[in-house]
1. Relative contact order, percent, of chain A when contacts are C-alpha pairs under 8 Å separated by at least 6 residues?
2. Relative contact order for chain B: what is it in percent, counting Cα pairs under 8 Å that are at least 6 residues apart?
3. Which of the lysines could be linked to A:Lys101 by a straight reach, that is with a Cα gap under 23 Å, when you skip same-chain ones fewer than 8 residues away?
4. Using a cut-off of 11 Å between beta-carbons, work out the net charge of the residues near A:Val112 (Lys and Arg +1, Asp and Glu -1, A:Val112 not included).
5. What per residue convex hull volume, in Å³, do the alpha-carbon atoms of chain B yield?
6. Which positions within the range B:20-48 get 30 Å² or more of their accessible surface covered by the other protein chains, compared to the chain by itself, with a 1.4 angstrom probe?
7. Enumerate the aspartates and glutamates that A:Lys111 could reach by cross-link, defined here as Cα to Cα under 13 Å, with residues fewer than 8 away along the same chain left out.
8. Reported to two decimal places, what Rg/Rh ratio describes the protein assembly as shown when computed on Cα atoms with Rh from the Kirkwood expression?
Amino acid sequence: GESVGLHLPTLSVQEGDNSIINCAYSNSASDYFIWYKQESGKGPQFIIDIRSNMDKRQGQRVTVLLNKTVKHLSLQIAATQPGDSAVYFCAEGILTGGGNKLTFGTGTQLKVEL
Amino acid sequence: KAGVTQTPRYLIKTRGQQVTLSCSPISGHRSVSWYQQTPGQGLQFLFEYFSETQRNKGNFPGRFSGRQFSNSRSEMNVSTLELGDSALYLCASSLVQGTGELFFGEGSRLTVL
């Protein structure tokens with residue numbers, strides 16, 4: 001699936017609350033899924049990835065959940081901080097060919113309110 | 001360790017011109033990918049190089065090309081620029097193949113007038 005859309009969905013949360021960012025992916029053949037964070041004026045930054053044979057993976061303050069039945073991916077951020085304000089992208093990739101070709105979602109703007 | 005470096009950071013061109021963008025990957029990273037980011041289309045894959053060979057290519061016209069040198073540095077070229085080529089061009093390098101852990105540069109912001 002190609003990324004489309006002029007307007008990013010926005011999620012506003014209070015500092016200290018948990019955030020959940022959702023993503024619907026398109027290719028059931030994808031082997032791995034990734035979340036990236038992009039701050040204004042910067043390139044995307046890798047957060048966490050998950051293989052298609054897993055349904056949950058935890059990192060530092062983040063958890064990614066994968067539901068292959070409905071092709072849904074979510075990123076949970078615990079105790080959201082002002083520094084978490086950014087655009088979050090999900091992406092999917094296929095291992096065939098050994099390359100790193102990723103298909104990105106449209107992104108979600110996370111705004112953390114003090 | 002230095003991150004991915006892209007030059008130039010900003011440039012303005014006119015329709016019909018051509019442009020070359022440069023990317024220096026993180027030391028030791030042999031895979032370099034290029035992405036185009038626009039408000040309308042989001043992040044779209046252009047191509048990927050590994051050991052001087054193009055390994056993957058996205059759905060862009062032949063005006064978009066790239067190459068990789070023996071030191072893993074990469075360049076991309078866009079010929080006969082169109083207004084729609086205005087975008088942020090992002091380069092990413094990676095150490096491990098077949099994973100999503102890419103290290104992105106800050107991008108080259110191209111404006112076509």
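1. Details: 264 pairs, mean separation 43.2, N = 114.
Relative contact order for chain A comes out at 38 percent.
2. Values: 287 pairs, mean separation 40.9, N = 113.
Worked out over chain B, it gives 36 percent.
3. Cα-Cα hits under 23 Å: A:Lys37, A:Lys42, A:Lys56, A:Lys68, A:Lys71, B:Lys57.
4. On the way: positive: A:Lys111; negative: A:Glu15, A:Asp17, A:Asp84, A:Glu113.
After counting each charged neighbour, the total is -3.
5. For chain B, the hull spanned by Cα atoms encloses 94 Å³ per residue.
6. B:Tyr35, B:Gln37, B:Pro39, B:Gly40, B:Gln41, B:Leu43, B:Gln44, B:Phe45
7. A:Glu15, A:Asp17, A:Glu39, A:Asp84
8. Working: Rg = 17.4 Å, Rh = 18.0 Å.
We get a ratio of 0.97 for the protein assembly as shown.
The values are calculated or read from the model by the stated rules, or taken from the named source; none is laboratory data. Note that this is a predicted model, so its numbers are computed, not measured. Using ideal geometry, Cβ is built from the backbone for each residue, glycine included, and neighbour counts are taken over all protein chains shown. We work out accessible area using only protein heavy atoms, side chains counted, and drop any ligands, DNA or RNA first. Shrake-Rupley method; radii C 1.70, N 1.55, O 1.52, S 1.80 Å.
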